[in-house]
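Below: the structure, in structure tokens.
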Amino acid sequence: MPWNRQDLIAIEELDPEEINTLFEAADALKKVLGRKTAKTPALRGKHVVNLFFEPSTRTRVAFEMAAKRLSADVTSLDMKTSSATKGETLRDTVENIRALAADIIVIRHSAPGSAGYIAKILDIPVLNAGDGAHEHPTQALLDCFTLREKFGSLEGRKIAILGDILYSRVARSNIWAMNKLGAQVTLVGPATLVPREFEKMGVTVSHDLKSALADQDAVMLLRIQHERQNASAFPSINEYTSMFGLNKERLSWLKKDAVIMHPGPINRGVEIDSELADSPQSVILEQVTNGLAVRMAALYLCHGGSAEAVAS
Ligand code: CP
């Protein structure tokens with residue numbers, strides 16, 4: 001199926017076929033990354049601008065490297081020293097960057113809907129690198145791409161997402177993506193962070209870790225997102241860890257070969273013990289590695305490339 005989107009704003013908007021088209025492009029681009037030159041001229045002469053209004057390590061570096069591997073030029077604006085600190089609006093910021101002949105904008109912002117808002121204003125591709133607690137589409141795509149590599153397909157697979165779901169854009173994007181790809185998703189955590197309302201998204205909600213982990217093919221841990229919480233959702237970090245932290249004993253509640261995932265950054269010893277994060281069952285660094293090919297595919301397709309062309 002051809003990719004007909006200029007922007008990548010939310011997994012909610014995508015069809016399963018579009019997700020698979022992006023995966024096919026990412027498969028081909030991952031092969032490019034394995035070559036000696038590890039570069040393709042797909043976006044030569046184009047300029048990608050990264051606007052990260054919130055901190056990032058993985059997403060920002062992966063988007064920068066992805067653009068460079070596609071032979072594009074890249075500018076990453078440090079928002080702490082940008083004119084946004086003098087009161088310039090988001091609209092003025094992006095219109096000025098467009099006036100400098102940017103070809104693609106990648107944006108992370110604390111406001112839900114910010115990426116969709118600028119996509120409506122601009123005539124160039126806009127890729128959402130995380131907008132508040134709304135969506136983080138490339139994270140979900142790289143997570144599902146990693147699961148697809150492990151299992152061949154997500155169809156019928158059981159996946160638990162454990163932790164702070166309420167404030168997580170990663171959880172929301174993954175729920176959309178995993179559901180669209182045929183997986184059965186269970187959300188687990190304290191009731192304050194995993195409200196029953198999420199059942200409307202077609203998932204199972206559980207507040208009992210042991211029963212929720214039984215029979216899962218994969219478990220994705222999420223950190224507590226203090227930056228989006230106004231009040232504590234549980235008495236203390238120690239109490240959260242004692243109730244919901246993944247440790248060796250609790251690992252035995254999962255299937256023997258279950259996959260351990262985390263989008264990062266990890267708070268070791270809080271949502272997951274170090275021993276498990278670094279264990280052979282963990283695919284955490286494979287997720288990061290796959291983020292490069294997946295973001296190359298997203299940049300390339302949104303700029304008008306086709307999955308067939310990149311594969312040939
Ligand atoms: N997973 C993720 O978005 O990580 P960063 O915040 O480091 O980009």
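Every condition in (1) crowded, with 22+ Cβ neighbours inside 10 Å; (2) more than 13 Å from the ligand (Cβ to nearest atom); (3) assigned by TED's automatic domain parsing to the domain that holds GLU227 holds for PHE151 except the one numbered (1).
Quick one: would you say ASP208 is surrounded by fewer than 19 Cβ atoms within 10 Å (Cβ to Cβ), more than 16 Å from the ligand (Cβ to nearest atom) and in contact (Cβ under 8 Å) with a residue 24 or more places away in the chain? Spelling it out, it is not the case that ASP208 is surrounded by fewer than 19 Cβ atoms within 10 Å (Cβ to Cβ), more than 16 Å from the ligand (Cβ to nearest atom) and in contact (Cβ under 8 Å) with a residue 24 or more places away in the chain.
Can GLU54 be described as within 16 Å of the ligand (Cβ to nearest atom) and either part of a loop (DSSP other than H, G, I, E, B) or surrounded by 17 or more Cβ atoms within 10 Å (Cβ to Cβ) (or both)?
yes
Here MET178 fulfils each of the conditions (1) farther than 13 Å from LEU14 by Cβ; (2) open to solvent by less than 20 Å² (accessible area, probe 1.4 Å); (3) more than 14 Å from the ligand (Cβ to nearest atom) apart from (1).
Scanning segment 103-118 for residues that are more than 19 Å from GLU18 (Cα to Cα), surrounded by fewer than 21 Cβ atoms within 10 Å (Cβ to Cβ) and more than 15 Å from the ligand (Cβ to nearest atom) gives ASP103, ALA111, PRO112, GLY113, TYR117. Applying the criterion of being of a type outside the set (Lys, Arg) and open to solvent by 70 Å² or more (accessible area, probe 1.4 Å) to the residues of segment 243-260, the residue that is farthest from GLU275 (Cα to Cα) is MET243.
If you go through segment 129-141 and keep only what is near the ligand (Cβ under 9 Å from one of its atoms) and among the hydrophobic types (A, V, I, L, M, F, W, C), you end up with just ALA129.
The values are calculated or read from the model by the stated rules, or taken from the named source; none is laboratory data. No experiment lies behind these values; they were computed from the predicted model shown. Cβ coordinates were reconstructed from backbone atoms using ideal geometry, including for glycine residues, and neighbour counts include every protein chain displayed. Keep in mind that these areas ignore ligands, DNA and RNA; they rest on the heavy atoms of the full protein, side chains included. Shrake-Rupley method; radii C 1.70, N 1.55, O 1.52, S 1.80 Å.
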